[in-house]
Every structure is written in structure tokens, then in C-alpha cells.
Amino acid sequence: MWVARRQIRPDIYISADVETDGPVPGVYSLLSFGFAAVGTYDGESFERFDLREHNFYRELRPITEDFQQEALEVNGLDRGRLEREGLDPHEAMAQAAEWVRELSDGHRPVLVAYPVAYDWSFLYWYFERFAPGGSPFGHSSCLDIRTQYQALAGTVFDQSGKAAMPASLRPLAPHTHDALDDAVEQGELFANLMEWAQRRRGQTVGRAKHEAPEPSWYLPGATRIA
């Protein structure tokens with residue numbers, strides 16, 4: 001019996017950032033979120049996008065009365081204004097899901113974030129609760145940028161934060177706690193890591209094992225990409 005082979009789609013990576021009024025969805029509210037398309041990968045080559053070319057940003061009306069003041073102090077959002085002017089979550093999440101599906105035509109959309117656990121928890125909950133058809137990323141199409149660096153660098157979690165990364169990998173865009181700005185910043189970091197991985201893959205194939213590949217801070221003996 002012949003079994004149809006599942007189509008393998010190239011990835012399209014979408015960097016995401018959220019600003020909220022508390023630590024968990026449902027109890028607290030998603031106040032704003034931003035998406036920035038980072039690039040595509042077909043298993044061989046990564047094509048990097050202009051991170052300001054394909055963007056999405058919305059501010060939402062809170063869904064509960066509960067909030068943490070310290071969260072609002074971090075993101076600078078006016079919760080009272082959003083209660084009056086923020087988009088209904090049904091409208092915002094429907095628009096976001098449509099944007100992702102149109103952008104990713106022919107590709108698998110993969111959400112990337114730093115850390116992905118926090119942003120994914122709010123976005124997945126909101127998509128499933130408010131968007132027709134649920135999450136455009138399915139239930140698991142996401143990657144954590146810090147984990148990606150840790151795996152590539154062969155280091156431990158405590159040495160995988162942005163401050164521990166080589167300057168050549170860190171993004172130039174500032175971290176402002178504006179959801180779109182931060183999606184762009186994190187997307188730049190993810191693209192830098194993808195390009196670094198490709199360079200290292202080429203070096204692993206093309207150089208003798210005793211040769212120390214670039215960049216200069218790479219330590220021979222660290223885990224390499226297959």
C-alpha cells in the first residue's frame with residue numbers, strides 16, 4: 001500500500017512580542033502585541049527580510065479587572081485609555097490570524113520570541129479564545145531564541161542570555177518595551193543566529209577538524225551543527 005508523503009513546507013519565521021498587565025493570560029490581559037516577519041528557511045538556505053517591511057501591531061481592550069501596576073510601569077501603556085480605545089480581542093486576534101495566514105502562504109509559520117514561553121502563552125491563549133479557527137501557528141510551531149543560541153554555542157542556560165552573547169550576534173535595534181520595536185529587535189537576533197548557524201555549517205563541512213573556524217571567539221571542541 002502506498003502512503004502519501006506529507007508535504008514539507010519551508011519555514012517563515014515571525015518574531016513576536018507582547019505587553020501585558022500581568023504574568024498569565026485569562027487572569028490578566030494582553031494589552032498590545034507586535035509581529036515582524038524575519039525570513040524564510042527551506043532546510044538549506046535562510047533568506048533574511050527587512051524587519052520593518054512586514055509588520056503587525058495592535059492594542060487591545062483589557063478583558064479582566066485584575067492587573068499588576070508594576071507590569072504597566074514596565075510597558076508604559078495606559079490601561080484606562082485601552083479600556084476606552086483598545087480593539088475588541090475578537091477583532092484584533094482575527095486580524096492577526098488573517099495577517100499570519102496571508103503572509104505565510106505556502107510556508108509553515110513559526111513564531112519566534114525571547115523568551116518564547118511568555119509571549120506564546122498569551123498569544124496562543126488569545127488566538128484560541130478569540131480568533132475564528134484558532135491559532136495560525138497551530139499548537140506548537142514556535143522556537144525560543146535563547147534556546148537556539150544555547151544549542152549553537154554549546155553553553156549552559158546561565159551563559160545563554162543576551163549579555164553573554166558575542167557582540168557580533170546581538171541586535172543593534174533597541175529594546176524599548178514597545179511590542180513592535182521589541183519584535184523587530186528580537187527578530188534581528190534570530191536572523192543573526194540563523195546566519196551564524198549557516199556559516200558554521202559550511203565551516204564544519206569545508207574545513208579540517210583541527211582548524212579553528214570563524215568567528216574568532218568560537219572554541220574548538222564546542223558542539224557543532226551537523
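Here's the yes/no breakdown for (1) touching a residue at least 40 places away in the same chain (Cβ under 8 Å); (2) farther than 17 Å from residue 83 by Cα; (3) out of contact with any helix residue (DSSP H, G or I) (no Cβ under 7 Å at 6 or more places or on another chain); (4) of a type in the set (S, T, N, Q):
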position	(1), (2), (3), (4)
30	yes, no, no, no
35	yes, yes, no, no
46	yes, yes, no, no
56	yes, yes, no, no
59	no, no, no, no
63	no, no, no, no
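Among the residues of the range 73-95, are any under 26 Å from residue 162 (Cβ atoms), touching a Ser or Thr at 6+ places or on another chain (Cβ under 7 Å) and part of a loop (DSSP other than H, G, I, E, B)? So that I can check it myself, show each step before the final result.
Applying the first criterion (under 26 Å from residue 162 (Cβ atoms)) to the range 73-95 yields 73-77.
Filter again for touching a Ser or Thr at 6+ places or on another chain (Cβ under 7 Å), leaving 77.
Imposing the further condition that a residue be part of a loop (DSSP other than H, G, I, E, B) reduces the set to 77.
There is at least one residue in the range 73-95 that is under 26 Å from residue 162 (Cβ atoms), touching a Ser or Thr at 6+ places or on another chain (Cβ under 7 Å) and part of a loop (DSSP other than H, G, I, E, B).
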### Query
Would you call residue 137 closer than 23 Å to residue 58 by Cβ and touching a Leu at 6+ places or on another chain (Cβ under 7 Å)?
yes
#### Entry: Unique residue being more than 26 Å from residue 93 (Cβ to Cβ) and either of a type outside the set (Asp, Glu) or modelled with pLDDT under 95 (or both) when the list is 41, 57, 28
41
#### Entry: Matching option when the condition is at pLDDT 95 or above and either in a loop (DSSP other than H, G, I, E, B) or farther than 30 Å from residue 30 by Cβ (or both), among 136, 215, 220
136
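Go through the range 165-204 and give me each residue that's of a type in the set (Ser, Thr, Tyr) and under 29 Å from residue 30 (Cβ atoms).
Listed by number, the list holds a single entry, 176.
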#### Entry: Failed item, numbered, when residue 191 is tested on (1) surrounded by 15 or more Cβ atoms within 10 Å (Cβ to Cβ); (2) more than 13 Å from the chain's Cα centre (by Cα); (3) small (Gly, Ala, Ser)
(2)
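Looking at the range 191-201, is at least one residue part of a loop (DSSP other than H, G, I, E, B), closer than 25 Å to residue 101 by Cα and modelled with pLDDT of 95 or more? Give the steps one after another, and end with the answer.
First, the residues of the range 191-201 that are part of a loop (DSSP other than H, G, I, E, B): none.
Taking every residue of the range 191-201 in turn, none turns out to be part of a loop (DSSP other than H, G, I, E, B), closer than 25 Å to residue 101 by Cα and modelled with pLDDT of 95 or more.
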### Task
Could you check, for the range 111-131, whether at least one of its residues is among the charged types (D, E, K, R) and in contact with a strand residue (DSSP E or B) (Cβ under 7 Å, 6 or more places away or on another chain)?
yes
### Task
Please list, ordered by first then second residue, the pairs with beta carbon atoms under 8 Å, 6 or more apart or interchain, first in the range 178-199 and under 22 Å from residue 18 (Cβ atoms), second of a type in the set (Ser, Thr, Tyr) and assigned to a helix (DSSP H, G or I).
193/149
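Kindly indicate which of 129, 146, 170, 101 is modelled with pLDDT of 95 or more, within 14 Å of the chain's Cα centre (by Cα) and not in a strand (DSSP E or B). Let's see the steps before the verdict.
Details: 129 fails: within 14 Å of the chain's Cα centre (by Cα); 170 fails: within 14 Å of the chain's Cα centre (by Cα); 101 fails: within 14 Å of the chain's Cα centre (by Cα).
Among 129, 146, 170, 101, only 146 is modelled with pLDDT of 95 or more, within 14 Å of the chain's Cα centre (by Cα) and not in a strand (DSSP E or B).
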### Query
Quick check: anything in the range 2-20 modelled with pLDDT of 95 or more, of a type outside the set (Ser, Thr, Tyr), in contact with a Phe, Trp or Tyr (Cβ under 8 Å, 6 or more places away or on another chain) and surrounded by fewer than 20 Cβ atoms within 10 Å (Cβ to Cβ)?
yes
### Query
Hey, among the residues in the range 53-103 that are crowded, with 16+ Cβ neighbours inside 10 Å and among the charged types (D, E, K, R), which one's farthest from residue 37 (Cα to Cα)?
79
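The values are calculated or read from the model by the stated rules, or taken from the named source; none is laboratory data. Computed from a predicted model, the values in this text were never measured in an experiment. Please note: Cβ atoms are built from the backbone with ideal geometry, for glycine as well, and neighbour counts cover all protein chains shown.
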